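Please read the structure below before turning to the comments.
Laboratory data are not the source of any read-out in this text; all were calculated from the coordinates shown. All values derive from a computational prediction rather than experimental measurement. Backbone-built Cβ (ideal geometry, glycine too); neighbour counts: all protein chains shown.
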Amino acid sequence: MMWEYYNGKILFVTGGTGFIGTAVLYRTLTQASPEHIYVLCRGGFSKAKTKWSSMLPAPIANTLIQSHTMTILDGELGDTATMDLDDDTLQMLKRRVHIFIHAACSIELKNSLRELSYSIIAPTLCLAKYALKFPNLEKFVFISTAYVNAHLWKTSESSDVPVQERVYSLDRNSEDIYKSAPEIWREVQKDGTSHEFETHDFPWPYAYAKHLAERLVLHKASEKNALDKILIIRPSVVGPAEEFPYHGFTTSYSSPSTACAAAYALHPGRKIVLATRCENPDQDATIDEVPVDVVVDRLLLHTAVGTSGCVHAVSGEKRRLRLEDWWNAFKNERRLPWTVKPIWTNEDWHSSNLHHMARNFKIIGTSFAFSEDKTDQVAETLSSEELRHLKLFTDRSQPYHHSLIHRRHHIHHLAKEMVRKNKLPVPVCMAGLFCRKGKSPPHYQAQSEKLAV
Ligand SMILES: NC(=O)c1ccc[n+]([C@@H]2O[C@H](COP(=O)([O-])OP(=O)(O)OC[C@H]3O[C@@H](n4cnc5c(N)ncnc54)[C@H](OP(=O)(O)O)[C@@H]3O)[C@@H](O)[C@H]2O)c1
């Protein structure tokens, strides 16, 4: 059984209070018997406790909060590997840790490359350098994104772009995929940009920052002859859990489709302008949303079986959504009595004529066929009993709008935030009236009371 791999192991996890990190911790603690898990959290135990209590029903939150197997370390990522931890703690981690999972990140798609060089690239490189010195390290797992290769939309002629589980070189004249990374990184540090970033059309600086971070990590590992110790997990658009920690588990800010549903609900007109080059966008454009528990089980499975390199954590060609199905699901969540039709243009994905939802999310109107070969191959080696207990693939047996029902509370919450932030001509107190409210679980009420205090 793959869970036996984790027995007696020592893990270090960054981002353990985030959407994916929380599910990683819960799954590992409830399925395996690691010797210990150290979790980096800004604000230490009290912050982690508050976050988990607000995200999870009490019995599940308590599995994390009361665990004797877990220690929360109060620290923060930066451009050194110290994470604000004292030297003894750093030495202890170095001596003991077998598996290093780096899931912390700010998912600010709009941040500039210079900002992301501080929040994504520098911390990832520093942590990889640090982890590769651990004598017992078995795997450094970096959570990247499937959209590191979204620039391929602009260079491919196909309206369904195949993406393999590998690094794509940004230099057409070179087969070198990561040797140039340190030089490019120096350019980014000096100028806040790079020639390859300027000459490739990434949807957001965030996607390029992850592309460069992946290459820097691989380059560092190749220098140390340790490429087998690197696992890069690339989730697509992460959505609510299907099974664990519980069906419907999600957060307000880390599930992009939830934000799109809120923007749809608030739209006062009958049309939303979106960009595409697909001939029949409603049928041909796709959204690859993957449940958070599929991301987690792929991460933990590939770590256990010793996969290295890049692995997609996606719904993939067979289980992604047609744009039409994604869009139609939003209709159920909207209170305004008229529906909103997409109006397709062939303008650029950065065009200011697009609706702000499309300008932010950019990939609406595209289609990527993310390969899942590595997971298919490993799945073939597992017994049917093992497969039954793992959540490796998205379940599409239910219509997609069922998935939105569990997010009503979050859609409602985000609609209010959008009105406040974007100064939309709607009183904030009315914003919630634009979408169906749904029942908020008791732990959310507890959190809002805490915030009110
Ligand atoms: N969600 C998605 O749709 C999606 C899709 C593709 C890839 N990913 C990738 O998956 C990873 C995890 O994403 P997520 O959805 O779990 O994000 P999330 O819910 O926003 O969680 C981010 C986590 O990172 C921590 N963090 C952020 N900045 C930090 C810093 N400077 N120092 C220490 N901790 C810091 C946060 O800690 P606090 O609790 O202190 O804020 C939080 O625990 C990220 O690398 C993201 O790029 C996510």
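Assorted remarks:
- Estimated inter-spin distance, residue 387 and residue 253, nm [label 7 Å along Cα→Cβ]: 4.0 nm
- Residues of type lysines that residue 154 reaches as a straight line, Cα spacing below 20 Å, ignoring anything fewer than 8 places off in the same chain: 110, 210, 362
- A protection proxy built from the mean count of other Cβ atoms within 10 Å ranks the segments 230-243, 312-325, most packed first, as 230-243, 312-325.
- One way to sum up the overall shape of the chain is the equivalent ellipsoid from its Cα gyration tensor, whose semi-axes run 33, 27, 22 Å, largest first.
- The stretch 106-195: translational diffusion in µm²/s, Stokes-Einstein, Kirkwood Rh over Cα pairs, 4 °C, 1.567 mPa s: 84 µm²/s
- Virtual spin-label span in nm between residue 166 and residue 1, 7 Å along Cα→Cβ: 3.7 nm
- With both residues required to sit in the chain, DSSP beta bridges show an antiparallel share near 5%.
- Relative contact order (percent, whole number), the stretch 1-124, Cα cutoff 8 Å, 6+ residue spacing: 31 percent
- Here residue 318 is the anchor, and the lysines within straight C-alpha reach of less than 17 Å, apart from those fewer than 8 places off in the same chain, are 374, 391.
- Calculated [θ] (222 nm, deg cm²/dmol) that DSSP helices of n ≥ 4 give over the chain, each run adding -39,500 (n - 2.57): -12000 deg cm²/dmol
- On full extension, the segment bounded by residue 352 and residue 45 gains 106.2 nm, given 0.36 nm per residue less the C-alpha separation.
- Judged by the ratio a/c of the largest to the smallest principal axis of the C-alpha gyration tensor, the stretch 358-398 counts as prolate, that ratio being 1.5 or greater while a/b is larger than b/c.
- Computed extension length for residue 227-residue 190: 10.5 nm, one decimal, from 0.36 nm per residue of separation with the Cα-Cα distance subtracted.
- Packing order of peptides 172-183, 113-124, 361-372, highest average first: 361-372, 113-124, 172-183 (average count of other Cβ atoms within 10 Å over each peptide's residues).
- Straight-distance candidates among the lysines for linking to residue 51, with alpha-carbon spacing under 17 Å and chain neighbours fewer than 8 residues away dropped: 450.
- The stretch 322-414: C-alpha gyration tensor shape, a/c 1.5 cut-off, then a/b vs b/c: oblate
- The stretch 339-380 - Rg and Dmax from Cα coordinates, angstrom: 16.1, 47
- Per-pair calculated FRET efficiency, R0 = 45 Å: residue 429 and residue 175 via Cβ, rounded to 0.05: 0.15
- Note on the stretch 182-244: along the principal axes its Cα atoms extend 45, 33, 16 Å, ordered by decreasing extent.
- Shape of the stretch 171-276, Cα gyration tensor, a/c cut at 1.5: oblate
- Peptides 335-343, 217-225, 145-153, ordered by how many other C-beta atoms sit within 10 Å of their residues on average, highest first, read 145-153, 217-225, 335-343.
- The mean sequence distance of close C-alpha pairs (under 8 Å, at least 6 residues apart), as a share of the length of the chain, puts its relative contact order at 17 percent.
- The stretch 93-162, relative contact order in percent, only Cα pairs under 8 angstrom and at least six apart counted: 46 percent
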